[in-house]
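Here is the structure we will look at, set down as structure tokens.
The values are calculated or read from the model by the stated rules, or taken from the named source; none is laboratory data. This structure is a prediction, so every number in the text was calculated from the model and none was measured. Here the Cβ positions follow ideal geometry from the backbone for every residue, glycine too, while neighbour counts run over all protein chains shown.
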2 protein chains.
Amino acid sequence: MTKAAKEDLLNLEKFLCFSIYSAGHAFNRVYKPLLDKLGLTYPQYLVMVALWQEDNQSVRSIGAKMYLESSTLTPLLKRLEANGLVTRTRDPSDERSVRITLTEAGKTLRDQAEEVPACILEATGLDVETAKRLNRDLRTMRDQIDAVVREL
Amino acid sequence: MTKAAKEDLLNLEKFLCFSIYSAGHAFNRVYKPLLDKLGLTYPQYLVMVALWQEDNQSVRSIGAKMYLESSTLTPLLKRLEANGLVTRTRDPSDERSVRITLTEAGKTLRDQAEEVPACILEATGLDVETAKRLNRDLRTMRDQIDAVVREL
DNA sequence: TGAATTTAAATCGCGCACGATATAATGACA
DNA sequence: TGTCATTATATCGTGCGCGATTTAAATTCA
């Protein structure tokens with residue numbers, strides 16, 4: 001290993017994982033004022049996006065798309081239910097499964113959230129093409145990491 | 001807006017923030033077995049990297065580098081102290097400040113952690129140059145977002 | 001059919017992360 | 001100097017996120 005490479009191992013800013021970690025927190029900070037108006041947290045917003053994309057999903061389906069466990073989703077979905085945005089009902093055709101369905105308020109919220117993605121993109125300072133490339137690279141990396149994790 | 005762009009607003013996978021969010025979780029998953037051996041969590045590991053880089057920092061200094069609040073760091077550092085990796089002592093020249101200093105065990109742990117970054121890089125499936133570019137782009141984006149957040 | 005396995009959610013305990021607030025020490029400056 | 005503002009850390013409450021475990025339903029297959 002070169003000397004420069006060794007020094008990189010001592011520099012937190014040179015850690016790719018830390019850039020992801022700190023960028024994630026930065027997104028949280030910039031989303032907060034926008035989502036406060038909607039009464040949503042950042043993870044709740046992402047779940048709502050998933051439901052606006054496809055309503056009436058099972059907890060399992062949402063978890064698969066978001067890479068989250070039921071132990072994370074169940075309480076979060078209960079909060080969305082308590083806030084009147086979704087309903088949680090056992091699937092009659094398979095009583096193990098719980099279907100999450102948007103209420104009218106949950107559907108309506110989508111209109112109020114319409115401006116959010118453009119605001120966020122603007123805050124990143126990235127042009128659309130760069131954002132797309134970054135996005136693609138990150139998804140590829142994530143999927144590669146998860147492939148490694150699965151074979152452990 | 002084009003039709004394709006509108007559809008992207010409904011597709012969670014096309015959200016840059018979600019790629020960061022899910023990639024962050026993926027890193028957590030792949031780090032876990034490696035860090036379990038060291039008795040560290042992922043955020044604790046990042047704090048240790050910061051301390052290996054520069055020992056005897058104040059809580060404030062660590063927080064500035066890691067973009068974390070004292071309300072996050074104080075309990076985390078107390079756990080590191082309880083595990084014998086650091087000491088926490090008030091700075092005699094400014095009693096408001098707490099200096100975090102590596103113990104011998106904390107210093108020694110660095111050797112055991114030596115292999116970790118290479119293992120992680122390998123799991124990402126990225127070559128060194130791509131990882132560097134991605135890293136640079138993410139830091140730039142994070143700093144840009146934080147600049148926007150500060151002027152709110 | 002009936003026992004054993006698998007699957008889906010839920011629950012629990014722990015650690016992170018933040019905002020709001022408290023406390024104590026330092027600095028500013030009238 | 002004494003008051004007022006600022007700074008550094010700590011504390012509290014809330015919500016994520018996971019692993020381990022539990023419960024109940026569905027599936028497998030002997």
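Observations, loosely collected:
- 2 or more residues farther than 22 Å from B:Ala4 by Cα and more than 14 Å from every other protein chain (Cβ to nearest Cβ): qualifying helices (runs of 4 or more DSSP H) within segment A:21-140: A:59-66, A:70-82, A:104-112
- Annotation: B:Gly106 fulfils all but one of (1) crowded, with 16+ Cβ neighbours inside 10 Å; (2) in contact (Cβ under 8 Å) with a residue 40 or more places away in the chain; (3) closer than 30 Å to A:Asp146 by Cβ; the unmet one is (3).
- Filtering A:Leu76, A:Leu102 for residues that are at pLDDT 95 or above and within 13 Å of DNA strand D (Cβ to nearest atom) leaves a single hit, A:Leu76.
- Filter pass, B:Ala4 being more than 9 Å from every other protein chain (Cβ to nearest Cβ) and either hydrophobic (A, V, I, L, M, F, W, C) or farther than 26 Å from B:Arg142 by Cα (or both): yes
- Subset tally (residues that are surrounded by fewer than 19 Cβ atoms within 10 Å (Cβ to Cβ) and in contact with a helix residue (DSSP H, G or I) (Cβ under 6 Å, 6 or more places away or on another chain)) for segment B:77-87: 1
- Residue in segment B:45-78 that is nearest to B:Val30 (Cα to Cα), counting only those that are of a type in the set (Lys, Arg) and more than 9 Å from DNA strand C (Cβ to nearest atom): B:Lys65
- Residues located in segment B:84-95, provided they are under 15 Å from B:Tyr45 (Cα atoms) and touching a residue at least 24 places away in the same chain (Cβ under 8 Å): B:Leu85, B:Val86
- Conditions (1) within 11 Å of DNA strand D (Cβ to nearest atom); (2) without any contact (Cβ under 8 Å) to a residue 40 or more places away in the chain; (3) closer than 29 Å to A:Tyr31 by Cα; (4) of a type outside the set (Gly, Ala, Ser); number of the one not met by B:Glu81: (3)
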